[in-house]
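The values are calculated or read from the model by the stated rules, or taken from the named source; none is laboratory data. Remember, predicted model here, so these are calculated numbers, not experimental data. Because the Cβ atoms are built from the backbone with ideal geometry, glycine has one as well, and the counts that use them run over all protein chains shown. Ligands, DNA and RNA are stripped out before the accessible areas are found, and what is left, the full protein with its side chains, is counted by its heavy atoms. Shrake-Rupley method; radii C 1.70, N 1.55, O 1.52, S 1.80 Å.
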Amino acid sequence: MRKGYSFRSRVGKRASVVPLLLAIRQGLTPATVVVLTVAIALAWLAFMNARVGVRLQLMPDTAMGAGFDPMRSRLSALEKRQAEPGFKDQAAAIALARAALRQSPMNPRALRILAIADVQGGRADLAEGKMVMADRLSRRDGATQLWLADRRGRQGRIGDALRHIDVLLRTSPEAQAPLLERLAGALALPEARAAIKPMIVADTPWIESFFAIAVDRSPTMVPLAELVASLREGPRVDRLEGSYASLVYRLAGEQQYDLMRKVYTKLPAARARDLYDVSLRSAVDPKGYRPVIWDFGSRSDRGAAMLGPDEAEFFAMTDVRGVAASKAVFLKSDGQALRFRKKEGTVGDGAAAFWRVTCVLGRVAKSSVQSRNLLEVPDGTVLSLPFPVGCRAAQIEVVVDGAMRRDPTRVVLSDIGLSR
């Protein structure tokens with residue numbers, strides 16, 4: 001720890017905080033260890049601003065009874081001045097803190113004042129001992145938790161650093177949002193993912209907020225997906241369902257299908273077999289997430305609807321053309337084909353309905369094939385559409401063109417499945 005290390009107690013004042021959570025090790029550049037420095041600085045400022053605003057004070061036991069601390073206001077004022085740049089009166093700070101400890105040996109604020117004085121004097125090891133003791137006396141103090149998290153990060157003890165952050169998140173809700181946002185950003189680093197992984201469990205109280213922030217504010221879903229894929233199973237928390245759904249859907253949008261498959265097998269409400277199945281079962285019993293399960297859309301001018309256990313109608317209104325339904329599927333081998341039965345649908349007036357298969361994973365990714373106009377096929381005909389050779393996953397779509405028909409264009413299909 002170098003001289004000049006300080007905490008600031010109010011928003012608008014610059015915080016000097018050393019890099020957190022990342023071990024400075026061989027091969028790790030300074031740029032990689034700075035990612036979470038801003039996280040802790042901003043989280044600390046938000047926490048202290050809120051704390052000062054509500055006049056939150058620790059009330060340690062004293063010789064005159066629990067909660068009575070006649071020196072508390074003096075310690076609080078001194079601590080704020082001690083955090084100011086250029087504070088010179090460390091001797092007075094030490095004297096007051098020692099007096100407070102003589103009156104109340106279990107006074108974490110006094111210990112923290114002594115620790116900061118040690119830091120300013122270049123005695124980081126002595127400061128650490130006092131901060132550890134302050135942590136044992138009170139785990140509800142953000143300044144102590146942040147200092148220890150920072151210290152453990154600089155020592156390469158990332159797991160220990162995250163445990164202090166976990167305490168802060170559990171005890172200081174007002175500090176959650178800025179800190180979780182930066183933790184979500186830190187997922188880009190494998191070291192951070194490994195450290196956070198043990199906390200991704202159902203009984204972590206901030207888990208829902210963490211997922212919501214990571215999904216909503218991250219430019220890519222890859223880091224969060226890598227974390228989820230590394231779990232034995234995603235947390236079974238009902239309110240995580242929305243985040244899980246967004247994670248899967250966005251991975252498909254980013255063309256991260258292989259990673260999406262790994263994530264999907266870890267989600268508690270998803271059926272892994274749907275990854276390799278194109279039957280209408282996932283439309284009848286929609287457990288899971290789009291696009292792995294059938295997506296019949298939400299538009300009124302085109303879409304699909306189930307007519308029976310293994311039969312669906314795909315439609316489009318007059319002068320409307322587009323995807324009526326879609327699903328992603330992973331292929332276990334070459335030579336597979338999309339099999340289906342055309343049950344009903346009338347050709348005419350330029351209307352059309354057809355399958356479109358687009359490869360999204362494999363050496364022929366982005367290639368596509370299309371069926372003939374299904375409205376021209378006799379009712380009851382069983383057809384197949386081969387997948388491109390070398391394709392490992394594909395997006396299958398039913399496209400319907402309503403053309404200029406007076407009535408909606410519709411085609412009814414059944415017995416949808418995969419064949420060799």
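Only residues that are open to solvent by 60 Å² or more (accessible area, probe 1.4 Å) and at pLDDT 95 or above were counted across the range 309-318, and they come to 1. The residue of the range 136-159 that is farthest from Glu191 (Cα to Cα), among those that are in contact (Cβ under 8 Å) with a residue 24 or more places away in the chain, in a helix (DSSP H, G or I) and basic (Lys, Arg), is Arg151.
In the range 165-231, which helices (runs of 4 or more DSSP H) lie fully inside it and hold 1 or more residues that are touching a residue at least 40 places away in the same chain (Cβ under 8 Å) and surrounded by fewer than 16 Cβ atoms within 10 Å (Cβ to Cβ)? Counting at least 1 such residues, we get 176-186. Within the range 326-347, the set of residues being touching a helix residue (DSSP H, G or I) at 6+ places or on another chain (Cβ under 8 Å) and within 22 Å of Asp401 (Cβ to Cβ) comprises Lys327, Lys342, Gly345, Thr346, Val347.
Which count do you get for residues in the range 260-285 that are in a helix (DSSP H, G or I), in contact with a helix residue (DSSP H, G or I) (Cβ under 8 Å, 6 or more places away or on another chain) and surrounded by fewer than 17 Cβ atoms within 10 Å (Cβ to Cβ)? Total meeting the criteria: 2.
Go through Arg232, Arg193 for me and flag whichever is at pLDDT 95 or above, within 20 Å of Gly159 (Cα to Cα) and among the charged types (D, E, K, R). Only one candidate qualifies: Arg232. For the range 152-161, a residue qualifies if it is surrounded by fewer than 24 Cβ atoms within 10 Å (Cβ to Cβ) and in contact with a helix residue (DSSP H, G or I) (Cβ under 6 Å, 6 or more places away or on another chain), and the qualifying residues are Arg152, Ile158, Gly159, Asp160. Among the residues of the range 300-322, those identified as touching a strand residue (DSSP E or B) at 6+ places or on another chain (Cβ under 8 Å) and either closer than 25 Å to Val360 by Cβ or small (Gly, Ala, Ser) (or both) are Arg302, Gly303, Ala304, Ala305, Gly308, Ala312, Phe314, Ala316, Arg321, Gly322.
Looking at the range 363-391, I want the residues that are more than 14 Å from Asp415 (Cβ to Cβ) and at pLDDT 95 or above and have a partner that is outside any strand (DSSP E or B) and among the polar types (S, T, N, Q) with Cβ atoms under 7 Å, at least 6 apart or on another chain. Which pairs are those? Matching pairs, first to second residue: Leu375/Thr346; Phe387/Gln336; Pro388/Ser367.
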